[in-house]
Amino acid sequence: MALLEVDDIHVFYGNIEALRGLSIQVDGGEMVAVLGSNGAGKTTTLRTLSGLERARAGSVRFDDQDITRTAAHEIVGRGLCQVPEGRRIFTTLTVAENLALGGYLMRNRQQELRQRRDVVYETFPRLAERRGQLAGTLSGGEQQMLAIGRALMTQPRLITLDEPSLGLSPLLARAILKIVRRFADEGVAVLVVEQNARQALAVADRAYVLETGRIVLEGAASDLAADERVQKAYLGGFEQIVEEEEGREKEKEKEDPSPLGGG
Amino acid sequence: MASSPAALKSVTAPISKVRERIGRLPWWLQLAVVVGLAMLVPLYNDDYVTSIGVSVLTFAMLGLGLNIVVGYAGLLDLGYAAFFAIGAYTTAIMTVKLGFNFWTTLLPAIAFAGMAGAILGYPTLRLRSDYLAIVTLGFGEIVRILFTNWDYVDGPNGVWNIPSPSLFGFDLVDQNSYYVIGVILVLIAIIFARNLSYSRLGRGWVAVREDEFAAEAVGVPTLNLKLLAYSMGGMWAGLAGAFFASRVSAINPSSFTFLLSSQILILIIIGGLGSLPGVILGAIVVVGLPELLRGLQNARFLIFAALLILIMLFRPGGLWPQVRARRAPFVGLEDEEEKQAAERPFKLQPSVAEGEAILRVQGLAQRFGGVKAVDDVSFDVRRGEILSMIGPNGAGKTTVFNCITGVQRPKAGRIEFDGRPLGRLKPHSIVRRGMARTFQGIRLFKLMAVFENVMIGASVRERNLPWQALLHSRGERRDERRALKEARYWLRFVGLEEEAGRLATELSYADQRRVEIARALASEPMLVLLDEPAAGMNPTEKLELMRMVRRIRDRGVTVVLIDHDMSLVMNVSDRVVVLDRGQVIAMGTPAEVQNNPRVIEAYLGRDDADEEAELAEATGGA
Amino acid sequence: MSIFIQYTVNGLTAGAFYALVALGYTIIYGIIRLINFAHGDLTMVGSFIGWTVLVSMGLQRLPVFLAIALAALASMVVTSVINVGILQFAYKPLLNKSLLAILITALGMSIFLQNAALLVFGAGVQAYPHLVTSSGVFIGGVRISYAQSIFFTISLVLMAGLYSFARFTTLGTAMRALAVDHDAARLMGINVNRVIAIAFILAAILAAAAGVMIGLYYTQINFFLGFLLGLRAFTSAVLGGIGNIPGAMAGGLVIGLLESYCAGYLSGRWQDVFVFGVLITVLIIKPTGLFGERVAERM
C-alpha cells in the first residue's frame, strides 16, 4: 500500500476542468517529481492533496485513509504538509514565529518543538542567524528555506513542494532540491512539482509528466531524464505536430490563400 | 458527477427563468410595463399608499445614483445621504430664502451635489475601497453637522414652508401629483442610468469594479472614471433631494443621517449590484417592508433587519442580479466588408520605418525591497518583428513588461516608443499611444460579456463626452456601433465570435486567453505584448496560437512575446532575448540563442561536481 | 496649563474606551476583511447586560468591586455568545463569497441589535448606579476621579493582555498569521474557522469591558450609544492603521484626546467635523493610517 494514492481525481474551477482524471502514487521515503508547463495543473494537484481544493470525483488516500473530503488543517495533522508556490510565508511575523506556527498542532509539547526547531536550524543555519528578523525582509532563497523549515516543523511524513526553485538562482535551486532529497533519504516522502525538469529529475526517484490536467508520462527519474518524450513534454510536446501541420498548411496555402492570413 | 451547484440550480432556476423571460423583452417595453403598473397606484386613491409610493420613488432615485458609484464603479460609499442633503438644502434655500420657483432649483441642486461628489472623490481616489467606507462615512457626517451648525438655515430646526411646485398654473400639492412627478423623474433617471450602463463609461466603470489594475493597463482612465462616478452619483442624489425637499415642505439635518446612507446602500445590494430592476425592487423592499410590518410596532425594524440578513444569506448576489451576458450581441449589425475593415479610423501608423526600433529599452532597472528584479536591461524591438523574451521563472520578464507598459515605475532607465520617450505616462495613456498587452494570469473582466471585454479595448481612443453617453446621443451611438463592430471583428479574428455574448468567466482557459488577445488588439496597437499566452493550452491550441501570432504580425503589428514554451518561441520568433536574474544574457535569432551555453545553463541547469560546498554556501552553513 | 492637563485626562479616559472597542474592529477586520458594523452595537448590548446585572438583578448592593467584576463577567459571557452567534449565522455563510454581502449583513446586524435593545430596554435613558464616580483627587487643580484612574488602568491592563496574547502565544501568532494568508495558515494545521471564532470572542470581551465601564463612567446609557461609539472606535482603528493592534490602541487614545481638546478649546459642536477632518487628512497623506495596516491580502 502506497503512502499516498490519488485515484482519478477531477477538479474544477467554475466550469474549467483543471484536473481531468489524475492518478499518482507516492511511497514512503520516496522522492517523486511532477513535471509540466504552466497551467498544466501541477499547483491544483498539490492544493487538492492538501484539501485547499475539492475533487469533484475520484479519491485521495493518505496512509490508507480517505482524505478526499478532509479539512485542510486536519490533513496537516495526519502528516501531509505542503510548501506552497511563492513560499507564502507570514511576512509580518518573525522567522521564529513562522517556525512556531509550523508547530501549531504540537503547541503543547514544547520539548518536542524545541528539538524540531533545532533540527530546522541545523538544516538551515541561515535561519538561525535571522530568527528575530521579520520574514518579509528575508531574501528569496532564505524565504524558501523558511517555508520548507516551517513545513518540517509539522512533522510530516509526506512533504509536497510547489516550485521550490521559483525565482531562485540555479545554484540555490539546486541546493534546495538536494536538501529536499535528503529528507527522502531520511524517510520523509517527497512530492515535488517543478518546471525545472532537468534538476528535478536529477534528484528524484520517480517522476510524472503532467499535461492539461492529465498524466501523460511516468517512470523512473533516470529513465525519464534520458527519454526524448520528456524533453518534448517539458518543451510543450507539440513540436512534432507543428512540423507535420506546417508542412500540410504550406501545401494548402499554395492553392487557397486564407482571407485573414494575408496582410 | 455529484453536484451541489446543480441542486442549487433547481431551486433558483424558476426565478432565473422568469427573469430571463422578462429580460428578453425589449427594454423600453419592460420599462413601459413598469411605468404602467406604477401608475395604478394613484388610482387606488389612498393618500397613505400613495405617500409610501412617493417614498419608494425617492429611494429609487437615490438608489439609481448610488448604483453608479457602488454598483457600476465598485466604490463603497457610506455617506451618500450628504448629496441628498445638499440637493434638498439647495432647493429649500433657493425657494424659501431667495424666492425661486421649484423647477429652476432642480439644475442647481443637481450641480451642487455633483460638485460635492467631485470634492469628495478627488482626495479619495487613491484610497482602497475599505478606506473609502470610513472616509465617505466621515464626509456624510461632516456635511450633516455643517448643516446642523449653519445658522442661515436655522441649524437643527432646518428650513420650513418649502413651497410646492406649480405647473401651468396648478399647484401640485397632493400626494398623487407628487407621485406622478416622481414617476417621471425616476423614469428619466432610469433611462439615463441605462444609457450610462451600456456606454463606454458604464463598461469602464464595471471594468474598474472587476479589476482596477487590469482596467488601467488595457486603456481605461481609471482615476477620471472614478471621479466621474462620484460626481454623477451625486447628481442623482441632488435631484432626489430637490424632489424630497419640496414634497415634505420642511427639512432638517436629522433627515440625512448615516441610517439613510446605509438604507440606500442596502437597497442597491439586496436589489443586485449594478442592476436597474434591482434598484426598483430594493427600493420597494427597503421602504415597503417596514410599512408592511407597521403592525408589529416597535419590533418592525427588528424583523426588517432579520429579513434583510436572510435575503443576503439566501441571495448573496441580490434579488435581481445584473447579468451582462447577451444572447446575440451582434444582431442588427450590418456585415462589414473586409475592405472597410482595412480603413480603420483609429489605426495608428508608426512613425519609424519597417525594421527600425519601434521600442527601445535602455538601462532599465527595477528593484523590490532591495532585491534587484531587473538590472540594466537594454534591448530594441524592431517594427514588424516577433520578438520573444525567455528566461527562468523570476528572471524579470514580467517586470520588464510592467515597466514598459507603465504599470510600474522603473528605478532607472529610458523607454522610447515609436521615437518618443514614454516618460511617466499612465498605463492607459500608453495604450492610447499604441501599445497593448495581455496578462500572465488571465485578467478579463469576469462579470462582463466577452464582447464587452473586447469593446473596452476598442473604445480607448474614443472622444465622446459623458453627457453624450447620458443622452445616448447620435455621435455616441455611432461610436458604440463602431466599437461593437470592432469587437466582432477581433472576436472573429481569434475565432470566438460565437462566444461573444457569454460571460468571460464561462469560457475555457485557452479561450479566455484569446479574448485577452482580442481585447488588446481591439485598441489598434502598433505593438502588442503577450505575457505567457500559451500557458495552459494544449498542443493543438498552441499551434493555433502560433498561427495567430503570425497573423497579428502580418497585419503590421509588432509582437513581443513572453513564453516558457521553447518550441513555440523558437518556431514563431524572429529574434529572442534571454533574461536571467534580471539581466539580458543572450540576444539573437532562435538558432543562435538555442546553442548559447549560457542559455542552456540558465534554463536547463548543469550537473555540477562540487555539491557539498554549494549546499553549505546556500544554506549559510559552515 | 492645568486646564490642558484636565482635558488630557478626560480625553485619555474616553480614548481608552475607544481603543478597547477599536481593537474589536481591528482584530476582525485584520483577519476577515470585514468592517463589523455591529461591533459598536455589541458594546451597547454589553453595557446593558452590565446594567441588568447591577440594577435589575440588584447586584449593586454587593461590595463595589465584586459587583463590578460580576457585571463585567456576565457581560463578557453574554456578548461572546452573541458575537459567535452572529459570526456563525450571519457572516460565516458569506465569508468566501461576497465582501459586500457580508457588509450588508453586518449593517443588518447593527440595526437588529439596536432594535432588539430598544424592545427589551426601551427607548429612554437607563441610569447606571454611581458606584465609582462620586469621588476623586485634585492634583494641582486637575481633578482625576477614581473612575478615571481605575478605568484607565483597567483598559491599559486589558490592552496589554491582548497585546501579549497576540504577541507571545502560539494562538495569538496564528491570529496574526491569518491577517497575512489564510491558505498558508491552513497548511500549518491551523483551524482557521476556530481562530476566527476566538477573535470574535476576544473582540466581544473587550467590547463588554468597555460597555460596562462606559455605563459606570457616564452613568447613562441608551440603545443608540453603540452608533457614535462604534463610529469613533472605527475611526480610531483606521487612524492607527486597520488590522494593526498597537495602532488601534494609539488611534483610540489620539481620537479621545482630539475630541477632548476640540470640545474644550473650540466647541463641542465641531468635534466630529474635527475628528473626521483629521482622519481624512491623515489618510490622504498616509493611506494606510499612522502605523500601517496589517490585513489579509487574499481571501
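The values are calculated or read from the model by the stated rules, or taken from the named source; none is laboratory data. Since this is a predicted model, take the numbers as computed values, not measurements. Don't worry about glycine lacking a Cβ; one is built from the backbone with ideal geometry, like all the others, and counts go over all protein chains shown. Keep in mind that these areas ignore ligands, DNA and RNA; they rest on the heavy atoms of the full protein, side chains included. Shrake-Rupley method; radii C 1.70, N 1.55, O 1.52, S 1.80 Å.
Figure legend. Inter-residue proximity from region B:128-141: first residues of a type in the set (S, T, N, Q), second residues open to solvent by less than 10 Å² (accessible area, probe 1.4 Å), beta-carbon distance below 6 Å, spacing 6+ or different chains. Indicated pairs: B:Thr136/B:Asp77; B:Thr136/B:Leu78; B:Thr136/B:Gly79.
Being more than 18 Å from C:Ala22 (Cβ to Cβ), open to solvent by less than 10 Å² (accessible area, probe 1.4 Å) and not charged (D, E, K, R): is that true of C:Ile190 here? Reasoning before the result, please.
Details: more than 18 Å from C:Ala22 (Cβ to Cβ): yes; open to solvent by less than 10 Å² (accessible area, probe 1.4 Å): yes; not charged (D, E, K, R): yes.
It is true that C:Ile190 is more than 18 Å from C:Ala22 (Cβ to Cβ), open to solvent by less than 10 Å² (accessible area, probe 1.4 Å) and not charged (D, E, K, R).
Conditions tested, residue by residue: (1) at negative phi; (2) aromatic (Phe, Trp, Tyr); (3) modelled with pLDDT of 55 or more.
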residue	(1), (2), (3)
A:Val216	yes, no, yes
A:Gly219	no, no, yes
A:Gln231	yes, no, yes
A:Glu244	yes, no, no
A:Gly247	yes, no, yes
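Filter region C:178-194 down to the residues that are in contact with a helix residue (DSSP H, G or I) (Cβ under 7 Å, 6 or more places away or on another chain) and over 21 Å from A:Gly79 (Cα atoms), then identify the one that is farthest from the other protein chains (Cβ to nearest Cβ). The extreme case among them is C:Leu178. Residues of region A:184-200 that are in a helix (DSSP H, G or I) and out of contact with any strand residue (DSSP E or B) (no Cβ under 6 Å at 6 or more places or on another chain): A:Asp185, A:Arg198, A:Gln199. Restricted to region B:568-591, and to residues that are surrounded by fewer than 23 Cβ atoms within 10 Å (Cβ to Cβ) and facing another protein chain (nearest Cβ under 7 Å), which residue is farthest from B:Ser388 (Cα to Cα)? Going through the qualifying residues, I end up with B:Arg581.
Report yes if C:Thr169 is within 18 Å of A:Phe90 (Cα to Cα), free of Cβ contacts under 8 Å to residues at least 24 places away in the same chain and touching a helix residue (DSSP H, G or I) at 6+ places or on another chain (Cβ under 8 Å), otherwise no. I'd like the intermediate steps shown before the answer.
On the way: within 18 Å of A:Phe90 (Cα to Cα): yes; free of Cβ contacts under 8 Å to residues at least 24 places away in the same chain: yes; touching a helix residue (DSSP H, G or I) at 6+ places or on another chain (Cβ under 8 Å): no.
No: the conditions fail for C:Thr169.
When we screen C:Leu70, C:Leu162, C:Leu131 for residues that are modelled with pLDDT of 95 or more, more than 14 Å from chain B (Cβ to nearest Cβ), farther than 26 Å from C:Phe37 by Cβ and crowded, with 16+ Cβ neighbours inside 10 Å, the only hit is C:Leu70. Under the condition of being at pLDDT 95 or above and more than 11 Å from A:Ile148 (Cα to Cα), the residues counted in region A:80-89 number 1. May I ask you to list the residues in region C:73-102 that are at pLDDT below 90 and either open to solvent by less than 20 Å² (accessible area, probe 1.4 Å) or touching a helix residue (DSSP H, G or I) at 6+ places or on another chain (Cβ under 8 Å) (or both)? Selection gives C:Leu95, C:Leu100, C:Ala101. Under the condition of being aliphatic (A, V, I, L, M) and either assigned to a loop (DSSP other than H, G, I, E, B) or more than 10 Å from every other protein chain (Cβ to nearest Cβ) (or both), which residue from region C:78-116 is nearest to C:Phe48 (Cα to Cα)? Across region C:78-116, the extreme among qualifying residues is C:Val78.
Cβ separations smaller than 7 Å between residues 6+ apart or across chains give the following pairs from region C:99-115 residues that are over 12 Å from C:Phe37 (Cα atoms) to residues that are open to solvent by 20 Å² or more (accessible area, probe 1.4 Å) and not acidic (Asp, Glu): C:Leu99/C:Arg33; C:Leu100/B:Leu273; C:Ala101/B:Pro316; C:Asn115/B:Phe301; C:Asn115/B:Leu302. Here region B:547-557 is the region considered, the condition is being over 12 Å from B:Val494 (Cβ atoms) and within 7 Å of chain A (Cβ to nearest Cβ), and the residue that is least open to solvent (accessible area, probe 1.4 Å) is B:Gly556. Among the residues of region B:389-411, the ones that are buried (at least 22 other Cβ atoms within 10 Å of the Cβ) and in contact with a Pro (Cβ under 8 Å, 6 or more places away or on another chain) come to 4 in all.
Given the structure, is B:Ala7 open to solvent by 50 Å² or more (accessible area, probe 1.4 Å) and either at pLDDT below 85 or small (Gly, Ala, Ser) (or both)? In short, yes.
Restricting the search to helices (runs of 4 or more DSSP H) fully inside region B:108-225 and requiring at least 1 residues that are open to solvent by 10 Å² or more (accessible area, probe 1.4 Å) and within 20 Å of B:Ala245 (Cβ to Cβ) gives B:129-148, B:175-197. Looking at region A:88-131, the helices (runs of 4 or more DSSP H) lying wholly inside it that each contain 3 or more residues that are open to solvent by 10 Å² or more (accessible area, probe 1.4 Å), more than 13 Å from A:Met153 (Cβ to Cβ) and within 14 Å of chain B (Cβ to nearest Cβ) sit at A:125-129.
Only one entry of B:Gly457, B:Gly501 meets the criterion of being away from chain A (no Cβ under 14 Å), touching a strand residue (DSSP E or B) at 6+ places or on another chain (Cβ under 8 Å) and not in a helix (DSSP H, G or I), and that entry is B:Gly501.
For B:Ile266, indicate whether it is among the β-branched types (Val, Ile, Thr), closer than 15 Å to B:Gly63 by Cβ and within 11 Å of another protein chain (Cβ to nearest Cβ).
Values: among the β-branched types (Val, Ile, Thr): yes; closer than 15 Å to B:Gly63 by Cβ: yes; within 11 Å of another protein chain (Cβ to nearest Cβ): yes.
The answer is yes for B:Ile266.
Does region B:453-469 contain at least one residue that is open to solvent by 10 Å² or more (accessible area, probe 1.4 Å), of a type in the set (Asp, Glu) and at pLDDT below 90? Within region B:453-469, none of the residues are open to solvent by 10 Å² or more (accessible area, probe 1.4 Å), of a type in the set (Asp, Glu) and at pLDDT below 90.
Where residues in region C:273-288 are closer than 25 Å to B:Arg144 by Cα and touching a residue at least 40 places away in the same chain (Cβ under 8 Å), which of them is surrounded by the fewest Cβ atoms within 10 Å (Cβ to Cβ)? Filtering region C:273-288 for residues that are closer than 25 Å to B:Arg144 by Cα and touching a residue at least 40 places away in the same chain (Cβ under 8 Å), the one surrounded by the fewest Cβ atoms within 10 Å (Cβ to Cβ) comes out as C:Val282. B:Arg414 passes every criterion in (1) open to solvent by 20 Å² or more (accessible area, probe 1.4 Å); (2) touching a Pro at 6+ places or on another chain (Cβ under 9 Å); (3) under 16 Å from B:Ala522 (Cβ atoms); (4) of a type outside the set (Gly, Ala, Ser) apart from (3).
Would you be able to say whether some residue in region C:51-58 is hydrophobic (A, V, I, L, M, F, W, C) and open to solvent by less than 20 Å² (accessible area, probe 1.4 Å)? Outline the logic, then answer.
If we filter region C:51-58 for residues that are hydrophobic (A, V, I, L, M, F, W, C), which is where we start, we get C:51, C:53-55, C:57.
When the remaining residues are screened for being open to solvent by less than 20 Å² (accessible area, probe 1.4 Å), the result is C:53-54.
Yes, region C:51-58 has at least one match.
Within the group A:Thr137, A:Thr160, which residue is under 30 Å from A:Ile24 (Cβ atoms) and among the hydroxyl-bearing types (Ser, Thr, Tyr)? Full working, then the answer.
On the way: A:Thr137 fails: under 30 Å from A:Ile24 (Cβ atoms).
Answer to the check: A:Thr160.
In region A:193-230, which residues are among the acidic types (Asp, Glu), open to solvent by 50 Å² or more (accessible area, probe 1.4 Å) and touching a helix residue (DSSP H, G or I) at 6+ places or on another chain (Cβ under 7 Å)?
A:Asp205
Residue-level check: of (1) open to solvent by less than 10 Å² (accessible area, probe 1.4 Å); (2) at pLDDT 95 or above, A:Leu35 misses just (2). Screening B:Glu524, B:Glu544, B:Glu532 for residues that are within 27 Å of B:Gly202 (Cα to Cα) and either touching a Gly at 6+ places or on another chain (Cβ under 9 Å) or assigned by TED's automatic domain parsing to the domain that holds B:Ala193 (or both) leaves exactly one candidate, B:Glu524.
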